[in-house]
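Below is one structure, written out as structure tokens; the observations come after it.
The values are calculated or read from the model by the stated rules, or taken from the named source; none is laboratory data. In this text, all values refer to a predicted model and were calculated from it rather than measured experimentally. So basically every Cβ, Gly included, is an ideal-geometry build from the backbone, and we count neighbours across all protein chains shown. Areas reflect the complete protein model, heavy atoms only, side chains present, ligands, DNA and RNA absent. Shrake-Rupley method; radii C 1.70, N 1.55, O 1.52, S 1.80 Å.
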Amino acid sequence: MNILNIDKCPLCGKSAFHKEMTCKDHYATGETFDVYKCESCGFLFTQGIPVEAEIGRYYESPDYISHSDTHRGLMNRVYHWVRRYMLASKARLIKHNSGLSRGRLLDIGTGTGYFPHFMKEKGWRVTAIEKSPQARTFAQTHFGLEVDAPEKLATYEDASFDVITLWHVMEHLEHLNETWETLSRILQDRGILVIAVPNPSSFDARKYGAMWAAWDVPRHLWHFTPSAMQQFGAKHGFVLAERHPMPFDAFYVSMLTEKYKQSRSPFFKGLLIGFEAWMATLTRKEQSSSMIYVFRKKQL
């Protein structure tokens, strides 16, 4: 297997790291991967990851939740219930921040297509990108969406979109800084960039340590604290306009973590930890299991 070893921090460019923890791929292979921390800026990343051309086997499961439509098992049913609720919430957030009821929207990492389909029905002109051929086929068959492969991203014209969204996708992208540069180029000057990522400084991440399901190595290459996400935006000419907690994620992630721990009652134990995390988020939203960040381009 060919692996990618990070020799310079993608955030600050320094080369001094230390191993923060070792995490197990509970989902697909049982292999272990190390999470490193930059000693200069504190950015966290998975070291020794399979190269982009070979990482596909770590997604090879009929249950990989963003690439399938399975409702098998309690965890998947919870995920789909929350997704239905969140579609409307995401649409409201986009309308509030963009000031638009319709426009040109790009959704990167669209999975099986529920979000772009929802926005298309609201009158948006939607472009979608998805790496998984199976997920692309599902989105095309069930929703009639035209879904591009990731290679198409670099070919879009400048200022093509009013809104660009990445819902739990940025942490998967190997070419991190190059992607940020492309997003800046193809977003129109008054457009918004919306990014949702897991939060490794969250209540549930601290509670579970290396067992926290949202480390999700090696599929998650990068691990963005709120500070790191704001710094990446600033590095590429963006200003953070808003950030919002995703409190439901703590319930799902905690249930999944308890399942990985082989707890006797993973649903109920996860529900309890999720509730504790939700309560913590009420006082400090930065403790949320996942965060949504809304960026605007810095106006010169």
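Considering only residues in region 7-37 that are in contact with a Lys or Arg (Cβ under 6 Å, 6 or more places away or on another chain) and open to solvent by less than 60 Å² (accessible area, probe 1.4 Å), the one that is farthest from Tyr58 (Cα to Cα) turns out to be Tyr36.
Between Phe295, Phe267, Phe275, the distinction of being farther than 21 Å from Lys90 by Cα and in contact with a Leu (Cβ under 6 Å, 6 or more places away or on another chain) belongs to Phe267 only.
Listed conditions (1) at pLDDT 95 or above; (2) more than 14 Å from the chain's Cα centre (by Cα); (3) more than 24 Å from Pro10 (Cα to Cα) are all met by Phe232, apart from (3).
Mind listing just one residue for me: the one in region 90-104 that is among the charged types (D, E, K, R) and in a helix (DSSP H, G or I) and, of those, least open to solvent (accessible area, probe 1.4 Å)? Only one residue tops the list, namely Lys90. Of all the numbered requirements in (1) touching a residue at least 60 places away in the same chain (Cβ under 8 Å); (2) closer than 24 Å to Ala228 by Cβ, Tyr59 misses one, and that requirement is (2). Residues in region 226-247 that are open to solvent by 10 Å² or more (accessible area, probe 1.4 Å) and of a type in the set (A, V, I, L, M, F, W, C): Ala234, Val239, Leu240, Ala241, Met246.
Residue-by-condition table, conditions (1) modelled with pLDDT of 95 or more; (2) closer than 15 Å to Ala250 by Cβ; (3) touching a helix residue (DSSP H, G or I) at 6+ places or on another chain (Cβ under 9 Å); (4) surrounded by fewer than 24 Cβ atoms within 10 Å (Cβ to Cβ):
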| site | (1), (2), (3), (4) |
| --- | --- |
| Thr182 | yes, no, yes, yes |
| Arg185 | yes, no, no, yes |
| Ser202 | yes, yes, yes, no |
| Phe224 | yes, no, yes, no |
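Those residues that are over 17 Å from the mean Cα position of the chain (by Cα) and part of a helix (DSSP H, G or I), I need them from region 105-136; list them, please. Residues satisfying the conditions are His117, Phe118, Met119, Lys120, Glu121, Pro133, Gln134, Arg136. Within region 38-54, the residues that satisfy the criterion of being hydrophobic (A, V, I, L, M, F, W, C) and either open to solvent by less than 50 Å² (accessible area, probe 1.4 Å) or in a loop (DSSP other than H, G, I, E, B) (or both) are Cys38, Cys41, Phe43, Leu44, Phe45, Ile49, Val51.
In region 166-180, how many are outside any strand (DSSP E or B) and either over 28 Å from Thr281 (Cα atoms) or open to solvent by less than 10 Å² (accessible area, probe 1.4 Å) (or both)? Result for region 166-180: 9. Taken together, Lys259, Lys269 contain a single residue that is more than 30 Å from Glu52 (Cα to Cα) and either in contact with a Pro (Cβ under 7 Å, 6 or more places away or on another chain) or open to solvent by 20 Å² or more (accessible area, probe 1.4 Å) (or both), which is Lys269. Quick one: would you say Gly237 is at pLDDT 95 or above and on the phi > 0 side of the Ramachandran plot? Here the answer is yes, as Gly237 does meet what is asked.
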